[in-house]
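Here the structure is laid out as structure tokens; the discussion comes afterwards.
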Amino acid sequence: MIQSHIIGSGAGLPERVVGNDFFSYLIDDAEEWIASRTGIRERRFASESESTSDLAVRAARAALSNAGINAEELDCIVVGTSTPDMILPATACMVQKEIGAKDAFAFDLNSVCGSFVFAMDTADSFIRSGKATTALVIGADTYSKILNFDDKTTCPLFGDGAAAVILRGQDNSQQGILQTFIRTDGNGWPLIQVPSSGSRKPVTAESIAAKENTFYMAGKPVYVFATSAIPELIQTVCSKAGIQPADLDWLIPHQANLRIIDAVSKKHAIPKEKFLVNLQKYGNTAAASVGLALNEFLQDGTIKPGHLVLVMGFGGGLSWGGLLIRF
């Protein structure tokens, strides 16, 4: 049976590091206030001249190098993002051009912070069906471009970044992506949005003045959603695979907030030490979040051959999903 195996990974991060004290204009004792509520200590912001595709290209090149393959070997490029360079064309097409992947088809996918997991599931489906052998999957976002820097409930949470993996089909049913699970609940779409950003409410001088072209999130309902959806996700994926949550070596959740991870850990009686976390360094990087953690803990040797890892994403839509991977 053909399974999708991760043969390489990489990251693309802006140089600018932004500590919590940056938000002192908005929050008293910003360093402690933000860290105590979220676990975030710093994040990266793209420069004025950097776009989502710039970070995505950086991550793609790093992943190709790590895999030891050329861009010409790629059959497929899927970019998960909710901050594309422009409304059209797809950011994936810009990545394709820059890395020279002339034989790959390329497209974007938007499930907000769940985009990387949804993109991985999509690429895995192409590989399992035989329509592709080698796929580049990227999660990339530059939320600093769409934040309302007068809203202390959202702007300290986010950072910019990109992460990429190379998937290749191999005839080994004991390793690779073993199970996937993706879901959406459109009833929750108003909870996470940029109100003035498309055909429903086009950008105008009035909408800009009202900051309706910036990111909005209803924090408390989203927290309730995340702390209920993730336990369901864990149980469903493990049940489909015929295992127990205790059999997992590691869990990589969307890097949004330590409080969410703590709540899930307690609800499932899974030791907090099993959750791989790097949000203290990068904040919530939206579509890049899960991939950045996956790349970091692969590169530093935390994830070893044979380890069973559950990768989980959730975000606007509402959307959530998971991937069970044997390395």
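The values are calculated or read from the model by the stated rules, or taken from the named source; none is laboratory data. None of the values given here were measured: they were computed from a predicted structure. No Cβ is skipped: glycine too gets one built from the backbone with ideal geometry, and neighbour counts run over all protein chains shown.
Check Ser111, Ser65, Ser129 and return the single one that is within 26 Å of Val309 (Cβ to Cβ) and crowded, with 20+ Cβ neighbours inside 10 Å.
Of the residues listed, the single one that is within 26 Å of Val309 (Cβ to Cβ) and crowded, with 20+ Cβ neighbours inside 10 Å is Ser111.
I'm checking my understanding of the structure. Among residues of the stretch 206-223 that are within 20 Å of the chain's Cα centre (by Cα) and not small (Gly, Ala, Ser), which one is surrounded by the most Cβ atoms within 10 Å (Cβ to Cβ)?
Filtering first and then ranking leaves Phe215.
Is it the case, given these coordinates, that Phe126 is over 23 Å from Leu324 (Cα atoms) and not charged (D, E, K, R)?
Judged against the criteria, Phe126 is not a match.
Assuming His254 fulfils every condition listed in (1) modelled with pLDDT under 95; (2) within 22 Å of Asn187 (Cβ to Cβ) apart from one, which condition is it?
That leaves (1) as the condition not met.
If the Cβ limit is 6 Å and pairs must be 6+ apart or interchain, which residue in the stretch 176-200 that is more than 17 Å from Leu147 (Cβ to Cβ) pairs with which residue that is surrounded by 18 or more Cβ atoms within 10 Å (Cβ to Cβ) and among the charged types (D, E, K, R)?
Listed by first residue and then by second, the contacts come to Ile177/Asp124; Leu178/Arg326; Thr180/Asp121; Ile182/Asp121.
Taking the stretch 1-26, which residues are in a loop (DSSP other than H, G, I, E, B) and crowded, with 18+ Cβ neighbours inside 10 Å?
Result: Leu13, Pro14.
Do any residues in the stretch 228-249 that are in the same structural domain as Leu298 (by TED's automatic domain parsing) and under 12 Å from Val309 (Cβ atoms) have Cβ atoms under 8 Å from those of residues that are modelled with pLDDT under 95 and surrounded by 16 or more Cβ atoms within 10 Å (Cβ to Cβ), where the two are at least six apart or on different chains, and which pairs are they?
Leu248/Ile270
Tell me which of these Ile234 doesn't satisfy, since it passes every other one: (1) outside any helix (DSSP H, G or I); (2) buried (at least 22 other Cβ atoms within 10 Å of the Cβ).
Looking at each condition in turn, Ile234 falls short on (1).
Step by step: first the residues of the stretch 69-82, then only those that are over 19 Å from Gly291 (Cβ atoms) and part of a loop (DSSP other than H, G, I, E, B), then the one that is nearest to the chain's Cα centre (by Cα). Which residue is that?
Asp75
Among the listed residues Glu48, Glu98, Glu72, identify the single one that is at pLDDT 95 or above, surrounded by fewer than 20 Cβ atoms within 10 Å (Cβ to Cβ), touching a Ser or Thr at 6+ places or on another chain (Cβ under 8 Å) and not polar (S, T, N, Q).
Matching residue, one of Glu48, Glu98, Glu72: Glu98.
Condition (residue is more than 22 Å from the chain's Cα centre (by Cα) and assigned to a helix (DSSP H, G or I)) applied to the stretch 47-57: is it met by at least one residue?
Checked the stretch 47-57: no residue is more than 22 Å from the chain's Cα centre (by Cα) and assigned to a helix (DSSP H, G or I).
So that you can scan it fast, the table gives a plain yes or no per residue for (1) more than 19 Å from Leu292 (Cα to Cα); (2) not polar (S, T, N, Q):
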site: Pro84; (1), (2): no, yes
site: Cys93; (1), (2): yes, yes
site: Lys97; (1), (2): yes, yes
site: Gly100; (1), (2): yes, yes
site: Asn110; (1), (2): no, no
site: Cys113; (1), (2): no, yes
site: Met120; (1), (2): no, yes
site: Gly130; (1), (2): yes, yes
site: Thr133; (1), (2): yes, no
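Among the residues of the stretch 308-320, is there at least one that is crowded, with 18+ Cβ neighbours inside 10 Å, in contact (Cβ under 8 Å) with a residue 60 or more places away in the chain and in a helix (DSSP H, G or I)?
No, because not a single residue in the stretch 308-320 is crowded, with 18+ Cβ neighbours inside 10 Å, in contact (Cβ under 8 Å) with a residue 60 or more places away in the chain and in a helix (DSSP H, G or I).
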